[in-house]
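Presented below is the structure to which this report refers.
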Amino acid sequence: MGFLLILGVIVLVVGLVMRYSERTRKGDHRNRWVGAIGIILGIVIILGGIIASSFTTVPAGHRGVIIRFGAVTGRVLDEGLQTKVPFFDSVVKMSVQTQKYEADATSAPETCRMSILLLPSIGTLILLWPLMSIKIPAWTLSKG
């Protein structure tokens, strides 16, 4: 979207130069019309860039967190096409999908299977044994 803004400014400057150049003042009216069209086209491109940068998409299975000037605003975007304030807001997309891992429990007295559910949205691992579940905060499992 920044490309459209830069292109719009370049077209606008070229249009202004052509519109108010010395040749235009001396009676060359063709430059006056080309300059006016360049000015209008430059403004349209700049406005298109601003409008295009005010939209963002959040893919399925994700949520978007709005960050304004490096601070979290508390606004969470659902899946799909969403709006944001152009140039001030950025969107960080975070996965909220439940991921399942299975591992053999070698320290158990008998051979059994253990399932691990990772919930990245709340930063928690859930260990599922056949008859009980244990919740462990993900930050306690860091490699150290």
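The values are calculated or read from the model by the stated rules, or taken from the named source; none is laboratory data. Everything numeric in this text was worked out from a predicted model, so none of it was measured. Backbone-built Cβ (ideal geometry, glycine too); neighbour counts: all protein chains shown.
Take the conditions (1) part of a strand (DSSP E or B); (2) modelled with pLDDT under 90; (3) not acidic (Asp, Glu); THR57 misses just one of them, which is (2). Scan the stretch 83-116 for residues that are modelled with pLDDT of 80 or more, exposed (fewer than 12 other Cβ atoms within 10 Å of the Cβ) and of a type in the set (Phe, Trp, Tyr) and the total you get is 1. Of the residues making up the stretch 67-88, those that are out of contact with any Gly (no Cβ under 8 Å at 6 or more places or on another chain) and either among the β-branched types (Val, Ile, Thr) or outside any loop (DSSP other than H, G, I, E, B) (or both) number 11.
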